[in-house]
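What follows is a set of notes on a single structure, which appears directly below.
The values are calculated or read from the model by the stated rules, or taken from the named source; none is laboratory data. Since we're looking at a predicted model, the values are computed, not measured. Counting neighbours? That spans all protein chains shown, and the Cβs are built from the backbone with ideal geometry, glycine included.
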Amino acid sequence: MIIGSCMKVQSELGHGFLEVVYKDALEIELRLLGIPFQREHCFEIDYRGHSLRHKYYADFKVMDKIIVEAKALDGLPSELMARCINYLKASSYKLCLLVNFGTPNLQWQRIVL
């Protein structure tokens, strides 16, 4: 359902917009499908029982178990995968979907921890 929603956004808008435009459109798609989500969810990082000052902000937290990181780039650099792994560690979730709207065809990758 999530990737299908991303494909719908990509099909409707094409590539070339700013990242925030795709996030706004994806928010509408998820809402229309009744998929529970939270946009720009803050994940705190715990260190030895203490919450650290710096936090991670995931683009979307979906169904309280999936992180969606949306980009609009020429490709998917490897550092984005590392960021997704950090999100998963901070959240204790098991799945992150890295989605790129910046190319003619939607690019996406599943990152499983």
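Here are some notes:
- Among residues of the range 30-43 being under 14 Å from the mean Cα position of the chain (by Cα) and either surrounded by 15 or more Cβ atoms within 10 Å (Cβ to Cβ) or among the hydroxyl-bearing types (Ser, Thr, Tyr) (or both), the one that is nearest to residue 93 (Cα to Cα) is 43.
- Strands (runs of 3 or more DSSP E) wholly inside the range 1-93 containing at least 2 residues that are in contact with a Cys (Cβ under 6 Å, 6 or more places away or on another chain) and at pLDDT 95 or above: 66-71
- Here residue 26 does not fit the description of being more than 20 Å from residue 63 (Cβ to Cβ) and not small (Gly, Ala, Ser).
- Any hit, the range 78-86, residues being within 16 Å of residue 108 (Cα to Cα) and hydroxyl-bearing (Ser, Thr, Tyr): yes
- Counting the residues of the range 94-103 that are assigned to a loop (DSSP other than H, G, I, E, B), closer than 17 Å to residue 20 by Cα and not hydroxyl-bearing (Ser, Thr, Tyr) gives 2.
- So residue 69, is it closer than 26 Å to residue 105 by Cα, surrounded by 12 or more Cβ atoms within 10 Å (Cβ to Cβ) and either in contact (Cβ under 8 Å) with a residue 24 or more places away in the chain or in contact with a Phe, Trp or Tyr (Cβ under 9 Å, 6 or more places away or on another chain) (or both): yes
- Here residue 52 meets the list (1) hydrophobic (A, V, I, L, M, F, W, C); (2) more than 14 Å from the chain's Cα centre (by Cα); (3) surrounded by 18 or more Cβ atoms within 10 Å (Cβ to Cβ) almost entirely, failing just condition (3).
- Residue within the range 89-111 that is aliphatic (A, V, I, L, M), at negative phi and loosely packed, with under 11 Cβ neighbours inside 10 Å present: no
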